[in-house]
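**Student:** Take a look at the following structure, please.
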Amino acid sequence: MGSTKEKNTQNDTNVVLEIEDLQLGFGEKKVLKGFNLKLFKGEKLAVMGRSGSGKSVLIKCVVGLIEPDNGRIEVLGKDISGLDQNMMDDLRADIGFLFQGSALYDSMTVRENLEFPLRRHTEKFNPDKTDKMVQEALEHVDLEKAIDLMPAELSGGMARRVALARALILEPKIIFYDEPTTGLDPITAKEIVNLMNEVQKKFKASSLIITHDVDCVRRFADRIILLLDGQNYVEGTFEELSSSEDPKANMFFK
Ligand SMILES: Nc1ncnc2c1ncn2[C@@H]1O[C@H](COP(=O)(O)OP(=O)(O)O)[C@@H](O)[C@H]1O
Ligand SMILES: [Mg+2]
């Protein structure tokens, strides 16, 4: 008994994100009904669920954009409900967020889009280094040449890579990917997943990806949680879940 407990404690020191009993509704509609997860250091965890199952709102709760009705969220050891605006901003500097659909600012060049998080977190870097950081971030995604382009001049895959560079520019400890491959053709989607894997190695980050793209999950995730009806339905590796005999688990992999 004693040794089991010790083992759990040991594991818990490696938890970078913990969500406990997360509940959220809009009016009468309950979207999350007690969702739980732990993301471990260096891990690549996927949450899979159908469209409208609450994946994006889950991440928005974690980064403090939406306040849940109930539940506890701890990011890098801090309970976010106890944080004021400044503390939350500090914490966000350690989090990279690739929004669904890239979400670049249309009226800004690629360079300005990448400078944006830097300007918000001046305490974390020396402003003299802005140019160098922007350049390096673009090198990570192999797009140095796009630095002065406008978002409208980028292909879908390029825009996604710029968005990835923007998510990485502050060298975050945790990266959230919201549907990183949705809307891309299969070859471009594969390139994005390869980049995500490279980034993971380079930065030794911990990643949480939410998606319904099976191929992306297969190539990226160490572990998968299925979100169904607002709760954890089942979790396991890709091999475990894709060969599951449970039809509800299996339907994602068909
Ligand atoms: N701001 C909002 N106001 C009302 N309903 C919302 C809001 N944001 C999301 N929803 C609803 O919550 C559900 C989950 O949305 P979302 O998390 O975006 O789903 P997905 O899993 O596709 O990312 C959907 O039914 C959506 O319509
Ligand atoms: Mg979504």
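The values are calculated or read from the model by the stated rules, or taken from the named source; none is laboratory data. Only a predicted model underlies this, so the values are computations on that prediction, with no experimental measurement involved. Positions of Cβ are backbone-derived with ideal geometry, glycine not excepted, and every protein chain shown enters the neighbour counts.
**Student:** Which residue pairs have Cβ atoms closer than 7 Å, lie 6 or more positions apart in sequence or on different chains, and pair a first residue in the range 89-110 that is among the small types (Gly, Ala, Ser) with a second residue that is assigned to a loop (DSSP other than H, G, I, E, B)?
**Tutor:** Every condition considered, the pairs that remain are Ala93/His121; Ala93/Leu170; Gly96/Pro172; Gly101/Gly183.
**Student:** Looking at Ile175, Ile169, Ile187, which is the one that is buried (at least 16 other Cβ atoms within 10 Å of the Cβ) and either farther than 26 Å from Leu226 by Cβ or free of Cβ contacts under 8 Å to residues at least 24 places away in the same chain (or both)? Lay out the reasoning, then the answer.
**Tutor:** Values: Ile175 fails: either farther than 26 Å from Leu226 by Cβ or free of Cβ contacts under 8 Å to residues at least 24 places away in the same chain (or both); Ile187 fails: buried (at least 16 other Cβ atoms within 10 Å of the Cβ).
Result: Ile169 is the single residue among Ile175, Ile169, Ile187 that is buried (at least 16 other Cβ atoms within 10 Å of the Cβ) and either farther than 26 Å from Leu226 by Cβ or free of Cβ contacts under 8 Å to residues at least 24 places away in the same chain (or both).
**Student:** On the given criteria, is Pro180 within 16 Å of ligand 1 (Cβ to nearest atom), part of a loop (DSSP other than H, G, I, E, B), in contact with a strand residue (DSSP E or B) (Cβ under 7 Å, 6 or more places away or on another chain) and under 22 Å from Lys60 (Cβ atoms)? Full working, then the answer.
**Tutor:** Numbers: within 16 Å of ligand 1 (Cβ to nearest atom): yes; part of a loop (DSSP other than H, G, I, E, B): yes; in contact with a strand residue (DSSP E or B) (Cβ under 7 Å, 6 or more places away or on another chain): yes; under 22 Å from Lys60 (Cβ atoms): yes.
Criteria met by Pro180.
**Student:** Scan the range 93-116 residue by residue and report those that are in contact with a strand residue (DSSP E or B) (Cβ under 9 Å, 6 or more places away or on another chain) and more than 16 Å from ligand 1 (Cβ to nearest atom).
**Tutor:** Residues satisfying the conditions are Asp94, Ile95, Gly96.
**Student:** Here's another thing I want to ask about it. Could you give me the residue pairs with C-beta distances under 6 Å whose first residue belongs to the range 141-153 and is under 17 Å from Glu198 (Cα atoms), whose second residue is of a type in the set (Lys, Arg) wherever it lies, and which are 6+ apart or on separate chains?
**Tutor:** Matching pairs, first to second residue: Val141/Arg161; Leu143/Arg161.
**Student:** Looking only at residues in the range 153-177 that are more than 23 Å from Lys129 (Cβ to Cβ) and within 14 Å of the chain's Cα centre (by Cα), which one is farthest from ligand 1 (Cβ to nearest atom)?
**Tutor:** Arg160
**Student:** Would you pick out the residues in the range 58-78 that are surrounded by 17 or more Cβ atoms within 10 Å (Cβ to Cβ), β-branched (Val, Ile, Thr) and within 13 Å of ligand 2 (Cβ to nearest atom)?
**Tutor:** Result: Ile59, single match.
**Student:** OK, next. Please work out if Ser81 is of a type outside the set (Val, Ile, Thr) and either over 28 Å from Leu195 (Cβ atoms) or away from ligand 2 (no atom under 14 Å from the Cβ) (or both).
**Tutor:** For Ser81, the condition - of a type outside the set (Val, Ile, Thr) and either over 28 Å from Leu195 (Cβ atoms) or away from ligand 2 (no atom under 14 Å from the Cβ) (or both) - is met.
**Student:** Now a separate question. Do we have Ala167 as farther than 24 Å from Phe40 by Cβ and hydrophobic (A, V, I, L, M, F, W, C) here? Walk me through how you get there before you give the answer.
**Tutor:** Details: farther than 24 Å from Phe40 by Cβ: no; hydrophobic (A, V, I, L, M, F, W, C): yes.
So Ala167 fails the test.
**Student:** I need the full set of residues from the range 62-75 which are at pLDDT below 95 and either closer than 22 Å to Leu241 by Cα or more than 8 Å from ligand 1 (Cβ to nearest atom) (or both), in order please.
**Tutor:** Matches in the range 62-75: Val62, Val63, Gly64, Leu65, Glu67.
**Student:** Keeping to the range 85-105, report how many residues are under 25 Å from Leu154 (Cα atoms) and either within 16 Å of ligand 2 (Cβ to nearest atom) or modelled with pLDDT under 90 (or both).
**Tutor:** Selection size over the range 85-105: 7.
**Student:** Let me ask you something else. Evaluate the following for Val162: is it of a type in the set (Val, Ile, Thr) and in contact with a Leu (Cβ under 7 Å, 6 or more places away or on another chain)?
**Tutor:** Yes: the conditions hold for Val162.
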